[in-house]
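The values are calculated or read from the model by the stated rules, or taken from the named source; none is laboratory data. Here the structure is a predicted model, which is why all the values come from computation and not from measurement. Note that each Cβ is placed from the backbone with ideal geometry, even for glycine, and that neighbours are counted across all protein chains shown.
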Amino acid sequence: MLVYIKCKFRYWQILGCVLFLFLTEGKGCLHSQTINLEGDVWEPYVMNSGTGKNGFMVDIAYTVFKRAGYKINFKVVPWQRALEDVRNGTTDGAVGIYFTQARSLQLVIPSEELGLSVNKFYVRKESVWKYIGSKSLETQIIGVIAGYDYGSLNTYIEQLQQKNSPKLEVVSGNQASEKNIKKLISGRITVTVEDDLVMKRYVAKLQIGDKIKEAGMVSPSNRVGIAFSSHNPKSVLYARVLSEGIQKLRKSGELKKILDKYSVKDWKK
């Protein structure tokens, strides 16, 4: 009887140790998983944290993945580098990518986007030019950003690049949007293409409402968000966690609170 009691005690002792190790190690493993994300400055979607804000897409990613037990490491890099890194698996995801571009790169795309991007043409205030098809661009010097997806304009831009045409100016770097705006104002280019939200942000920030104006729209609008590297076997899980997390944030009202900080409305409402 004494031997039986000792054996039983020993059994529970071992089981307790195993459960302790499982719970502590499991928790440690869960919270030690870091998701690496990259993107360029594209206010208000993505911002340089030195400004005191990360951009609403980065805030959403932080909120969703933190609650799921992950850590987020976000880095601001030029857009072409972000694309290269996510394509070859150096980073886990690209923030601020059009889903059409993500699909062409065979990335893992969540079911939920983080916005709808509308691209518009912008010219100086005194310009009489308006966009009425790619043919109308032939009289203009257009400024674009390296690696960006311009939808229906992609073919035209690629043709200019192949010819090394002086009608095309391409910028890159972490402040590419702002560079293009300043080139437009100075007259180095005559038209640029930019997301509507981004341009509104810079118009207010740089106080240039009296210097530029809209001159047409590139259709259609673009689903934009975070896409994950196809080299990472966990990317499908990341995409699902993000999509489910966005749905929960919208339902709880927390998504609205995040967007309100950037004066942005929910694209689904």
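Summary of values
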{"quantity": "Of all residues making up region 177-210, the number that are surrounded by fewer than 17 Cβ atoms within 10 Å (Cβ to Cβ) and either touching a Pro at 6+ places or on another chain (Cβ under 6 Å) or of a type in the set (S, T, N, Q) (or both)", "calculated": "2"}
{"quantity": "Helices (runs of 4 or more DSSP H) contained in region 177-269 and holding at least 1 residues among the acidic types (Asp, Glu) and in the same structural domain as VAL58 (by TED's automatic domain parsing)", "calculated": "235-252, 254-260"}
{"quantity": "Selected residue (criterion: farthest from GLY225 (Cα to Cα)) from residues of region 36-87 that are small (Gly, Ala, Ser) and buried (at least 24 other Cβ atoms within 10 Å of the Cβ)", "calculated": "ALA82"}
{"quantity": "Helices (runs of 4 or more DSSP H) wholly inside region 1-96 that include at least 1 residues being of a type in the set (Phe, Trp, Tyr), within 30 Å of ALA204 (Cα to Cα) and at pLDDT 95 or above", "calculated": "56-67, 79-88"}
{"quantity": "Subset of region 130-145 (residues that are polar (S, T, N, Q), surrounded by 13 or more Cβ atoms within 10 Å (Cβ to Cβ), at pLDDT 95 or above and assigned to a helix (DSSP H, G or I))", "calculated": "SER136"}
{"quantity": "Identity of the residue in region 146-176, touching a residue at least 40 places away in the same chain (Cβ under 8 Å) and assigned to a helix (DSSP H, G or I), that ends up surrounded by the most Cβ atoms within 10 Å (Cβ to Cβ)", "calculated": "ALA176"}
{"quantity": "Test set (1) more than 17 Å from ASP196 (Cα to Cα); (2) without any contact (Cβ under 8 Å) to a residue 24 or more places away in the chain; (3) not β-branched (Val, Ile, Thr) - ASN232 fails condition number", "calculated": "(2)"}
{"quantity": "Residue that is surrounded by the most Cβ atoms within 10 Å (Cβ to Cβ) [pool: residues in region 235-245 that are of a type in the set (A, V, I, L, M, F, W, C) and in contact (Cβ under 8 Å) with a residue 12 or more places away in the chain]", "calculated": "LEU242"}
{"quantity": "One residue from VAL108, VAL95 being in contact with a Ser or Thr (Cβ under 7 Å, 6 or more places away or on another chain), crowded, with 16+ Cβ neighbours inside 10 Å and in contact (Cβ under 8 Å) with a residue 60 or more places away in the chain", "calculated": "VAL108"}
{"quantity": "Selected residue (criterion: farthest from ILE258 (Cα to Cα)) from residues of region 58-117 that are touching a strand residue (DSSP E or B) at 6+ places or on another chain (Cβ under 6 Å) and among the charged types (D, E, K, R)", "calculated": "ASP85"}
